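Asker: Starting off with a structure, shown below.
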């Protein structure tokens, strides 16, 4: 097992049970390696890593600073974060109809009255009526073709009445934000979010030279027919050029700890002299559960539900998100605790589902270690 250099023996003993959960997960084949971080009381109390890039004995060891494909964490770290900032700056009303920013979403639709009622809020809350997942990459070869296919999707319900986690909804949200900004999503987030928070390892489309330092996510045998390493695993995001509202971001534990601190409002003035990135009123607004009643979805964020991946110790007033590659971020707002777990659980293929058992056990071990 590899752990962060400089961590005290006392801290290592405190988190022994956490490393035990991760060691067992690696032995069981849940993932070949992982990195994690814990924030409590405004400070990072632990950053650690275990395992290797792949299951081969000669593969590089994962370090706490290792960059991973964070998959759908893109939805909160990039797309939702941009939306929060635009709302704060008075440049976006989340009750704005999507058609105001993307008229093509309405034009030519048989059910255009229904489409006119889809608002930015609905995309954030995953209750727009759009379907959950569509394999656009099977028929689309360019970004424009994917977006046109999104515009053509049939709405499956009245907006606001049915919750279905929707990648197409966040693809369209990303395009709507670009239309409002007059700028690519990756360019704006790099300047206004990541650079502001000192998230130097976080970006869309890592440079070719940096790819070997990123754990691979899959041996792709059905679409790209190669090892996917340092490029986005999600096929739809790949066709979109690696930059999309639903997936495509790469990041590290230290960077995501900085992001979590910004959400919690615990960055010191020495780290950002101009103040906090997010107003706490905005965080609270985006943390509120949305319709329909019973949905765990807030605005962009998820909240703990029964048998949550966050385990049993995160408060109901917590926010978080999962990534298909095996990543997660959970933030307990009342307790000011945040936990990041980054893995490549899809290596060498997507069959394994042990991550579903590992996540709650890992989070429970973290929270119990913090209380010890």
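Every number in this text was worked out from the coordinates using simple rules, so none of it is lab data. What you see is a predicted model, and the numbers here were worked out from it, not measured in a lab. Backbone-built Cβ (ideal geometry, glycine too); neighbour counts: all protein chains shown.
Asker: Express the C-alpha Rg of the stretch 5-102 as a ratio against the empirical globular expectation 2.2 N^0.38 Å, rounded to two decimals.
Answerer: 1.54
Asker: With the convex hull built on the Cα atoms of the chain, state its orientation-averaged projected area in nm².
Answerer: Answer in nm², one decimal: 17.7.
Asker: Okay, next question. Cβ neighbours within 10 Å, averaged per peptide: list 181-189, 86-94 in order, most packed at the top.
Answerer: Packing order, densest peptide first, comes out as 181-189, 86-94.
Asker: Using Stokes-Einstein with the Kirkwood hydrodynamic radius over Cα pairs, what translational diffusion coefficient do you get for the stretch 99-250 at 10 °C and a viscosity of 1.306 mPa s, in µm²/s rounded to a whole number?
Answerer: 96 µm²/s
Asker: Still on this structure, I have one more. Over the chain, calculate the relative contact order: mean separation of alpha carbon pairs under 8 Å at least 6 apart, over the residue count, as a percent.
Answerer: So the answer I get is 25 percent.
Asker: Which residue fluctuates the most in the chain, going by a Gaussian network model with Cα springs under 10 Å, if the choices are 217, 74, 208?
Answerer: 208
Asker: Next up: Roughly what would the spin-label model give for residue 89 and residue 104, points 7 Å off Cα along C-beta, in nm?
Answerer: 2.5 nm
Asker: Length gain on complete extension for the stretch residue 61 to residue 276, per 0.36 nm per residue less the alpha carbon to alpha carbon distance?
Answerer: Here the answer is 73.9 nm.
Asker: Starting from the Cα gyration tensor of the stretch 260-372, take the square roots of the eigenvalues, sort them a ≥ b ≥ c, and report rounded, prolate or oblate (rounded when a/c is under 1.5, otherwise prolate if a/b is larger than b/c, else oblate).
Answerer: It comes out prolate by the Cα gyration axes.
Asker: Per the helix-only calculation at 222 nm, which mean residue ellipticity applies to the chain, given -39500 (n - 2.57) for every DSSP H run of n ≥ 4 and division by its residues, nearest 500 deg cm²/dmol?
Answerer: Here the helix-only value at 222 nm equals -8500 deg cm²/dmol.
Asker: Among 218-227, 38-47, 356-365, how do they line up by average Cβ neighbours within 10 Å per residue, starting with the highest?
Answerer: Most protected by this proxy first, the peptides run 356-365, 38-47, 218-227.
Asker: Using Cα-Cα distances under 8 Å and only pairs 6 or more residues apart, what relative contact order does the stretch 317-372 have, in percent?
Answerer: About 23 percent, as a whole number.
Asker: By average Cβ neighbour count within 10 Å, what is the ranking of 244-253, 107-116 from highest down?
Answerer: 244-253, 107-116
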